[in-house]
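Below is one structure; the comments refer to it alone.
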Amino acid sequence: GCVLVVSVIEQLAQWHNSTVKAAVERLCDYIPGKYQIMCHMSCCIDKEMNADVVCHSLRLCKQDPGQPLCHLYSPPKKEKHSCGLFYALAHARLKSQIRSKSFMGFSSVCAFPLLANLCEKIKFVLRNKLPFEDFDGDKFSTFPTLRGYHWRGRDCDDKNTTVYPGRRPDNWDAKSDSNCNGIWGVDPKDGIPYEEKFCKGADSRGVVLLGDSAGAHFHIPPEWMTVTQMSAKSFANLPMAFSDEFDWPQFSEITGFLNSTIGGWTDSLYLRLRKRNRCNHRDLQNISQNVYFPNDIAPYLSFSLARNQLLDNPAIVIYATIGNDVCNGERDTLAHMTTPKEMLSNVVQALRYLDSHLPNGSHVILTGLVDGRFLWDNLHDRYHPLGQLNKDVTYSQVYSFLDCLQVSPCSGWLTPNETLRNLTSERALQLSNVLKEIARSEKFANFDIFYMDFPLRQTAEEWRKMGGEPWQLIEPVDGFHPSQIAAALGTGITWQKALHEWPQVLGKENPFNDQIEAIFKDQGGH
């Protein structure tokens, strides 16, 4: 974190030909008030030092005994010998020893008083994957972030636990909207409730994603660290992003419902289900997280999944942990990957839990793991946003830096070691084959089960036909997650597969969609 912030400050000073102090003030003008953490750093940055040297001299970065000295940039040019970085650090620490003491108390973002309360809220949602603002306890909210309606359909009565998206209508919603799809009341022409007239027998269903950081749609805006594009407008979405864990589920491939503001466009399984049947409005849940599910997923689902087997509509559940079973930041990464035996046990256990809680007539789709060799092949020699100004930071350097810090999102794929990349893909294929066999052989009472490969190859082919480049399908800042473009293209591929191979999953097309929109167009807002 320190290296990123100091890099941006030094590049701002360079781009605007200003002092470091003026660059810090400029950045602080851009950033919303309570997030101005780096405003404390101007006294400690010397333009002659690169970001690695500054952060090690402040002791915000450190070298543990027996571990390598981690750095993003090449050692200072003045020091040609192999110990150049060590020499620069020793010199820098003499200069900054006194100045850095005042900064040491703020080594954690959450140590800042203005952010402490928000951090506590975020810790709550990280533990529970439930909305922080949920007054009736039905697991749905009227608040967008902190696991609110960006992640689940918006509640339309947060004081009534029997009113929430996805339930079957109470008395055909003649008097009020019990399922929050915006359809309620009685047609004065014939006395028939609108919900009964338009939605009875319409195969209404919701969509639930059980996913990892790709499903949550992790994204750090590149304009946050590209000084040539930076302005106050660049950071307007910082508070929302922070309280959504830097995830953007409202634009995601499975549960997206708002027009993308992070490039590309939004297309999602939910939006297509809603277009197919307007009665499905707001019936979505994104239960994803930026680290892998615990092995014993059933207790986790027991407090995160919102589905009543007796009262709610069936659901399409997408089980898509596309990388985290082989991705970790460990030095001995292969030893920490999920084995095929563990995969079988974990997934079957989760499916048994779902069978005991999903309404009859539901569907489960297991998504195979991605072949992450695509990442290194298409990015390693390209410049990262931090390196575009001076052509000095490639994705290969970023991957090595994160790996050295043991925080790599995927040591097995984000590495120059081709053998390790191949072994990681081999394990991913083994785990995908486990999922494929589960879909072929396991039977459940309340849902049928299907398997599909992660459509990376088809997505890349589709994007090439549109004139795009493969690297544009990857998030530019982390160099790891699918981009907004990849998410939208993936939706179309998944939808076409379902239409041709398992049309029963998608339900019928509702012939009353136009009438519903005409009558309830002002009541169906997300």
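Values as computed for the structure displayed
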quantity	calculated
Qualifying residue in segment 222-241 (condition: assigned by the TED database to the domain that holds Ala350, within 29 Å of Leu366 (Cβ to Cβ), part of a loop (DSSP other than H, G, I, E, B) and open to solvent by 50 Å² or more (accessible area, probe 1.4 Å))	no
Candidate set from segment 253-294 (those that are of a type in the set (Asp, Glu) and crowded, with 22+ Cβ neighbours inside 10 Å); member that is nearest to Ser178 (Cα to Cα)	Asp283
Residues satisfying the stated conditions in segment 243-300, i.e. farther than 21 Å from Thr142 by Cβ, at pLDDT 95 or above and among the aromatic types (Phe, Trp, Tyr)	Phe246, Trp265
Residue in segment 132-146 that is touching a helix residue (DSSP H, G or I) at 6+ places or on another chain (Cβ under 8 Å), in a helix (DSSP H, G or I) and open to solvent by 50 Å² or more (accessible area, probe 1.4 Å) present	no
Any chance His384 is in the same structural domain as Glu461 (by the TED database) and either without any contact (Cβ under 8 Å) to a residue 12 or more places away in the chain or open to solvent by less than 50 Å² (accessible area, probe 1.4 Å) (or both)	yes
Qualifying residue in segment 286-296 (condition: within 16 Å of Thr145 (Cα to Cα), assigned by the TED database to the domain that holds Pro359, small (Gly, Ala, Ser) and more than 12 Å from the chain's Cα centre (by Cα))	no
Number of the condition not met by Val407 [criteria: (1) in a loop (DSSP other than H, G, I, E, B); (2) farther than 23 Å from Leu334 by Cα; (3) not hydroxyl-bearing (Ser, Thr, Tyr)]	(2)
Any chance Asp377 is assigned to a loop (DSSP other than H, G, I, E, B), open to solvent by 50 Å² or more (accessible area, probe 1.4 Å) and of a type outside the set (Val, Ile, Thr)	no
Residue check for Ile316: surrounded by 22 or more Cβ atoms within 10 Å (Cβ to Cβ) and closer than 30 Å to Thr161 by Cβ	yes
Members of segment 328-372 found to be in a loop (DSSP other than H, G, I, E, B), open to solvent by 10 Å² or more (accessible area, probe 1.4 Å) and out of contact with any helix residue (DSSP H, G or I) (no Cβ under 8 Å at 6 or more places or on another chain), listed by number	Arg331, Asp332, Thr339, Ser356, Asn360, Gly361
Every residue from segment 182-221 that is closer than 30 Å to Lys391 by Cβ and outside the structural domain of Thr494 (by the TED database)	none
Residue list for segment 56-85, filter: open to solvent by 30 Å² or more (accessible area, probe 1.4 Å) and modelled with pLDDT under 60	Lys78, Glu79, Lys80, His81, Ser82, Cys83
Tally of residues being surrounded by 23 or more Cβ atoms within 10 Å (Cβ to Cβ), assigned to a loop (DSSP other than H, G, I, E, B) and aliphatic (A, V, I, L, M) across segment 172-208	1
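This table checks each residue for (1) over 21 Å from Asn259 (Cβ atoms); (2) assigned to a strand (DSSP E or B); (3) open to solvent by less than 20 Å² (accessible area, probe 1.4 Å).
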site: Arg440; (1), (2), (3): yes, no, no
site: Asp448; (1), (2), (3): yes, yes, no
site: Trp463; (1), (2), (3): no, no, no
site: Gly468; (1), (2), (3): no, no, yes
site: Gln472; (1), (2), (3): no, no, no
site: Asp478; (1), (2), (3): yes, no, no
site: Ala488; (1), (2), (3): no, no, yes
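The values are calculated or read from the model by the stated rules, or taken from the named source; none is laboratory data. This structure is a prediction, so every number in the text was calculated from the model and none was measured. Ideal geometry is used to build each Cβ from the backbone, glycine not excepted, and the neighbour counts take in all protein chains shown. The protein model used for the area step is the full one, side chains on, heavy atoms only, and it has no ligands, DNA or RNA in it. Shrake-Rupley method; radii C 1.70, N 1.55, O 1.52, S 1.80 Å.
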